[in-house]
Amino acid sequence: MTMKWYDWVSWVLVFVGALNWGLVGVLEWNLVETIFGTGSPTRVIYILVGLSALYELYKIASKK
């Protein structure tokens, strides 16, 4: 089965979110805030990461 473009985007966003939390936990350094600053762009990234995680969970749960 090939991945569609939105599957790749979702996977990349989940990966970025996991990487960011790892950096926050280990180095106390927030990569997303460093790149986008604080404010609306960072908040949008966090929302997209959360929605992507929910989408990936849905894909796993619907495979049964």
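Throughout, read-outs are computed from the coordinates displayed, never taken from laboratory work. Because the structure is predicted, anything quoted here is derived from the model rather than measured. For neighbour counting, all protein chains shown are included, and Cβ atoms are generated from backbone atoms with ideal geometry for every residue, glycine included.
See the values below:
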quantity: Which listed residue is of a type in the set (Val, Ile, Thr) and in contact with a Ser or Thr (Cβ under 6 Å, 6 or more places away or on another chain), from 49, 9, 14; calculated: 14
quantity: In the stretch 35-59, residue nearest to residue 3 (Cα to Cα) [restricted to those that are within 16 Å of the chain's Cα centre (by Cα) and β-branched (Val, Ile, Thr)]; calculated: 49
quantity: Wholly within the chain, helices (runs of 4 or more DSSP H) carrying at least 3 residues that are touching a residue at least 12 places away in the same chain (Cβ under 8 Å) and touching a helix residue (DSSP H, G or I) at 6+ places or on another chain (Cβ under 7 Å); calculated: 5-27, 40-63
quantity: Where residue 3 falls short, out of the listed (1) farther than 20 Å from residue 63 by Cβ; (2) surrounded by fewer than 15 Cβ atoms within 10 Å (Cβ to Cβ); calculated: (1)
